[in-house]
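Q: Before I ask anything, here is the structure I am working with.
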Amino acid sequence: DAAARQQKAASRAQVASKWVPAIQSRVRQFWLRPSNVMAGSEAVVNLRLEPGGQVVPDSVRVIEGSGNAAFDQSVVVAIYKASPLPVPDGAEFDLFKDFNFVFRP
């Protein structure tokens, strides 16, 4: 039913809007900027998390690179160093078991 799907999507968006900025902030704390990073760089990475926010070993993959391999690798390293990431408990955590994360410095 379309209304139920729309309600579920809205609920997911609300959960993401609450937790993704916290994840972004945590990763930024551990990110070391490579010397040749251009303004506006971003990378999309896929990662898998365990309950409690632990990053699953060897799970972080660059899905859409920035065009700068050093930047992309620095994001992957920062995600592992930032583990555990801030995530919700219970059913809301399901969004973060396997998700794509956009990193912008």
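The values are calculated or read from the model by the stated rules, or taken from the named source; none is laboratory data. These figures come from a predicted structure and were not determined experimentally. Methodologically, a virtual Cβ is constructed for each residue, glycine included, from the backbone with ideal geometry; neighbour enumeration extends over all protein chains shown. Calculation scope for accessible area: heavy atoms of the full protein, side chains included, ligands and nucleic acids excluded. Shrake-Rupley method; radii C 1.70, N 1.55, O 1.52, S 1.80 Å.
Q: Treating only the Cβ of Lys, Arg, Asp and Glu as charged (+1, +1, -1, -1), what charge dipole size does the chain show about its Cα centre? Round to the nearest 20 debye. Provide the component values of the computation, followed by the final result.
A: Details: 12 positive and 10 negative charges, 51 e Å.
Dipole magnitude for the chain comes out near 240 debye.
Q: Might you work out the accessible area of Glu50 for me, using a 1.4 Å probe with all protein chains in place, and round it to the nearest 10 Å²?
A: Surface open to solvent at Glu50 totals about 80 Å².
Q: Sticking with this one: Can you give the accessible area per residue of the chain, in Å², using a 1.4 Å probe?
A: 60 Å²
Q: Rounded to the nearest 10 Å², what accessible area does Arg33 have for a 1.4 Å probe in the complete protein model?
A: Using a 1.4 Å probe on the heavy atoms, I get roughly 140 Å².
Q: At a Förster radius of 25 Å, what calculated FRET efficiency corresponds to the Cβ-Cβ distance of Asp1 and Tyr80, to the nearest 0.05?
A: 0.05
Q: Sticking with this structure for a sec: If you roll a 1.4 Å probe over the range 1-79 with all protein chains in place, what percent of the accessible area is carbon or sulfur? Could you put the intermediate results ahead of the total?
A: Numbers: 2570 of 4910 Å².
Answer for the range 1-79 is 52 percent, counting heavy atoms of protein chains only.
Q: Taking the Cα-to-Cβ direction at Ser59 and at Phe30 and moving 7 Å from each Cα, how far apart do the two end points lie in nm?
A: With each label placed 7 Å out from Cα toward Cβ, I get 1.3 nm.
Q: What is the helix-to-structure angle for 69-82, meaning the angle in degrees between its Cα long axis and the longest Cα principal axis of the chain, kept from 0 to 90 and rounded to the nearest 10?
A: The angle comes out at about 60 degrees.
Q: Can you pull the accessible area of Ile79 for me, 1.4 Å probe, Å² to the nearest 10?
A: Near enough 0 Å² of accessible area.
Q: For a distance above 19 Å, tell me the whole-number percent of Cα pairs in the chain that qualify.
A: Details: 2386 of 5460 pairs.
Counting pairs separated by more than 19 Å, the tail of P(r) holds 44 percent.
Q: In addition: Taking the chain as the reference, fit the longest principal axis to its C-alpha atoms, fit the long axis of helix 2-30 to the helix C-alpha atoms, and give the angle between the two in degrees, 0 to 90, nearest 10.
A: Its long axis makes an angle of about 30 degrees.
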